[in-house]
Structures are given as structure tokens and as C-alpha cells.
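Got a structure here, written out as C-alpha cells. Questions coming.
Just so it is clear, none of the values below were taken in a lab; they were calculated from the coordinates. Because the structure is a prediction, the values reported are computed rather than measured. Because the Cβ atoms are built from the backbone with ideal geometry, glycine has one as well, and the counts that use them run over all protein chains shown.
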Amino acid sequence: MLSASAIAVACASPEPNDVAPRGRLGGGGAPILPVVASGIEITPDGFWSEQPWAAEDDWEPAVAVAPDEEGVVHQLTTRYGTSFGTPDPAVVARRSLDSGWTWQADALLEAAPVTQNDPQVITASGGWVFAAWIEGFEPGVKVVRSSDSGVTWSAPITILQAGKPPDFSDKPILVASADGQRVWVAFNASDGWVASSDDFGASFGVPHRTSADGRYWFHNGGAVALDGAVWFTAVDYSQDYSGDSNIRLVTSPDGEPPWQTPTLDTSRELPPCTWDPGCPEGFLGPTSAVAVDAAGRIVVAYSAARVPNGTLHLYTRRSTDGGATWSPPVEISAGRGHHTFPALAAGPVPGDFRLAWQDDGAGTGFWNTRLARSTDGGLTWSAPVRLSDRGDGAPYKDPLGYVFPYGDYLELAVDSAGREHVIWGEGPGWQGPGNVWWTRRADALTIFEDGFESGGTGHWSAQDR
């Protein structure tokens, strides 16, 4: 868990004249928390020094930013040992109205009677916000919605329908049209499934099966193009994780069945997870992500092993013709070690993509969270930026990185000013306890015809926001 010094740095109490409480989450009247009131160190690469969410056992977080409301950021996490009196773990949410300078108090989106896992949060124009998670495997996936930027939330609805297949659900990926009217949830019940809504998430139709090959499908990412095409990425495994696994797309030109499932690449049998005695087989399996820019360019990122039990390399592929053809894989990973858990997001102008991941590729024995940027539609990528810059604050941290990723995904969002918001988990091993950490680009990006240029290093205060 975090040391007292880390909490003092990242959650210092504000002076009485600092930001006044405002807003509420879930209708509960929760005040803004006194977070990051005094100042933020800026890394040489122009990002906030990584920040801990809380001194709580949190993992597998999610993040989203409002597309048309400057400063509104939503974060979700899976929390063990909660103080809410609910089964353990529970999905916890919070919201910022000023790009992460201050945060509303942590809150539940539902006081669930069973455990919750795998949170997702997405936004659409007009104040729409959608969140999903699983409550056990039955009922499994639940969805809530907000039409006022997360001030109030609907009651949760389940995706499964009584008497109709499937009878359980796992690991949702949530996407929506730009206006929020259409919402899709991809999930697995061993086979892949997609359920959709045409009424802003008020109800969902009968889920449609997208695979029937006897393999176990895990969906990892999703995006909706402006022309209405829907894209998910998934990896299918054998039921015992033996043998090769396939990097897949699950896609429809109009978000309706039938769904196509082309294979983009194949990864050899996944490596064992040797960092922690409790780390399960499958943890270091390949994962994937997808993003689509305003011009319809599609970029997919994924990890894959080239030899059985080998290290995971990180690749991207791009399509400029709606997925009809794809570029050869471009390797992003450099050096040795695993590069995996990619997250992708499109920026505010065509050709702009951001890619985050976790790796132990420096050969130091520690993992780090990194980010790269493309301004030419995924054709080339910048040198990686290290986001996990702090060597203090928790026993698993070191100036060279952290011991292990806590949870098997991280998330990335880009706001209308071009700032990345990245959130991930760090810990001593798979069994934890660990914590969620996050960062954002310090300054807005100046947009030029040929790309972006950022400014600002050194030290920021609240007056600079």
C-alpha cells in the first residue's frame, strides 16, 4: 500500500480558499476531494508525475473524458477491502470537473449484492456517460447511464435476458456512437457475444453470438467510426490456454449482425507468469486495442509471442480503407522483455493516435508504463515516453519502475485539447495488494497542420490549470 509520504504528496489538504466543493456523483451530494491542491511536478516529457488514486487495494481501472465539456474526467476502479459495506471487490467511481486537479469523493454506481469486476466507462456528446461491469458471472454484465455528465445515474440493467442464451457473461467492452444513441457491449460467455441498444442505453436487444468455435474469446478494445462501423478487438484461446491464440477483429459496417471476425495475427503459446506464485496461467496472454480517427483510419495494437512460451512483442497495424486491407505489423517494442496490455485512443484531429502499454523491456527487472504518439495515422510512432516516473510512494516502486502490473489492462483517453489521460495498476505481484496510478499531459497540445507540439516542463501550480 502507499506510504504516508506518497499520500501527503498526492492528496495534500487544500487551504480554505482553494476550489470549493461542487457537483455530486450518483445523486449523493459528494463533495470534491482535496486532491492535488498545492502543485504538480512535471516530467521532462511534459506529463504530470504519476499520481496515486488512493491508499486502497485497487486494480484494473478505466478512464473517459467528456468530448464536449472541457475538464470532465471519469475514472472507475475495482477495489478490494472497500468501506462501502458491499461484497468484495466493488467497482468504485469518481469524477473531476477540472481535468484531474480535484476529484469528487469515491462512490459506488450500485451497492451490489455480489462481487463486481472489469469496469468500463465511455462518454458521448451532450453529457452522456455509460459504464459497465460484471456482477459475478450471473447476471454478469450490467450497464448504467447518465445524461448529465455523471451527476446522476440510472439504475443498472442486465445484458442477459431470461430464458435466452447465453446463461452467463464475462469481461465487457463498451462503445457508443458519437451522440450516444447507439451503444454496444461485447462480452464473452466462452463464445463471443455482442448486445446493442438504440435508445441511449435504456434497453438492450437479445445478444448476438459472434463465434461458435469452442474457443474462449476475450474482448480487449472497441471503437465506433463516424460512418457507423463498429470495431472490437478480441483474442481467442483454447479452453486451457495451450497452443496458439489468435488476434481477432469483431466488426460490423453498421453495428448490426452479422459480425465478421477476421484474424489479424497469431501468437504462439503464451508464456508462464513467474513473477508471483499465485499468478494464473493466461495472465500474460496477448491483448489488443483499436481506435478509429475522424477520417476513418483504423489502428490496432496488440501483443504477441513469436515462439512458444516466448516474450510478448508489441505491434500495430493500420487500415485506410475501412478494414478491407491492412498494413504489415509494425513492431513498437524495443529491447528485451514483455511489452503488453496496449491501450489506444484517437486524438482530436485526423491522423492522431496515442498508444500506451506496460513493459519490462529495459532489462532492469522492473515494469514501466509508457506512451507513444503517431501524427500520421499510425504509419510511424514517436519514441516512448515513460509515464511511471516515481520511485517512491509504495514498497513495490523503485526509481527503475515497479515490480509488476496490477491487473491485466490499463486505459487511455484523449481530451479535446489533445491531453492524454492514462490510468493503470502497479503492485508487488498478481496477488497484491497494489494500487491504481494515473497521469495526464500537463499542457494542451498546440495543433498544427502537420501534427502537434507540446509545451511546459518544470513545475505547475493550481493557478496554471
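Show which lysines lie in cross-link reach of residue 142 when reach means a straight Cα distance below 27 angstrom and same-chain residues fewer than eight apart are skipped.
Output for residue 142: 164, 171.
Around residue 308, with a cut-off of 11 angstrom between Cβ atoms, what is the net charge of the other residues, counting Lys and Arg +1 and Asp and Glu -1? Mind dumping the intermediate values first?
On the way: positive: 268, 306; negative: 244, 269.
With Lys, Arg at +1 and Asp, Glu at -1, the neighbours total 0.
Here is a further query. What order do you get for 128-141, 298-311, 265-278 when each peptide is scored by the mean count of other beta carbon atoms within 10 Å, highest first? The partial results should precede the final answer.
Values: 128-141: 23.1, 298-311: 21.1, 265-278: 16.4.
Order by mean packing, descending: 128-141, 298-311, 265-278.
Within the set of other residues whose C-beta is less than 12 Å from the C-beta of residue 333, count the net charge using Lys and Arg as +1 and Asp and Glu as -1. Write out the running numbers ahead of the final one.
Working: positive: 306, 336, 370; negative: 331, 359, 360.
Once all neighbours under 12 Å are counted, the net charge is 0.
Could you state the number of Å between the C-alpha centres of the range 406-439 and the range 98-162?
18
Taking 0.36 nm per intervening residue step and subtracting the Cα-Cα distance, what contour gain separates residue 162 from residue 198 on full extension?
Using 0.36 nm per residue and subtracting the Cα-Cα distance, I get 10.9 nm.
For the chain, what number results from the quotient of the Cα radius of gyration and 2.2 N^0.38 Å? Before the final figure, lay out the partial values.
Working: Rg = 20.4 Å, N = 465, 2.2 N^0.38 = 22.7 Å.
Ratio of Rg to 2.2 N^0.38 Å for the chain: 0.90.
Going highest first, how would you order 411-423, 212-224 by mean Cβ packing within 10 Å? The partial results should precede the final answer.
On the way: 411-423: 23.2, 212-224: 20.5.
Top of the packing list down: 411-423, 212-224.
Give me the net charge of residue 248's neighbourhood, meaning all other residues with Cβ under 12 Å from the Cβ of residue 248; Lys, Arg count +1, Asp, Glu -1.
Values: positive: 215; negative: 213, 236, 265.
Within the 12 Å Cβ shell, the charges total -2.
Can you put 314, 160, 371 in order of Cβ neighbours within 10 angstrom, beginning with the fewest?
Working: 314 29, 160 24, 371 21.
Lowest to highest Cβ neighbour count: 371, 160, 314.
While we're here: Based on the mean of other Cβ atoms within 10 Å per residue, sort peptides 100-113, 177-190 so the most packed one is first.
Numbers: 100-113: 19.4, 177-190: 21.4.
Highest-to-lowest ranking by the protection proxy: 177-190, 100-113.
Report the relative contact order of the range 62-204, percent, no decimals, based on alpha-carbon pairs under 8 angstrom and at least 6 residues apart. Before the final figure, lay out each step's value.
Numbers: 377 pairs, mean separation 23.8, N = 143.
Rounded, it is 17 percent for the range 62-204.
Something else: Computed FRET efficiency, Cβ-Cβ of residue 138 and residue 274, R0 35 Å: what is it to the nearest 0.05? Kindly include the intermediate steps, with their values, before the conclusion.
Numbers: r = 33 Å, r/R0 = 0.95.
Rounded to the nearest 0.05, the efficiency is 0.60.
Counting helices only, and only those DSSP H runs with n ≥ 4, report the 222 nm mean residue ellipticity of the chain as the sum of -39,500 (n - 2.57) divided by its residues, in deg cm²/dmol to the nearest 500. Mind dumping the intermediate values first?
On the way: 1 runs with 7 residues, N = 465.
Computed mean residue ellipticity for the chain: -500 deg cm²/dmol.
Turning to a different aspect of this structure: Given a Förster distance of 51 Å, report the FRET efficiency between residue 49 and residue 263 from their Cβ-Cβ distance, rounded to the nearest 0.05.
Working: r = 40 Å, r/R0 = 0.79.
The calculated FRET efficiency here is 0.80.
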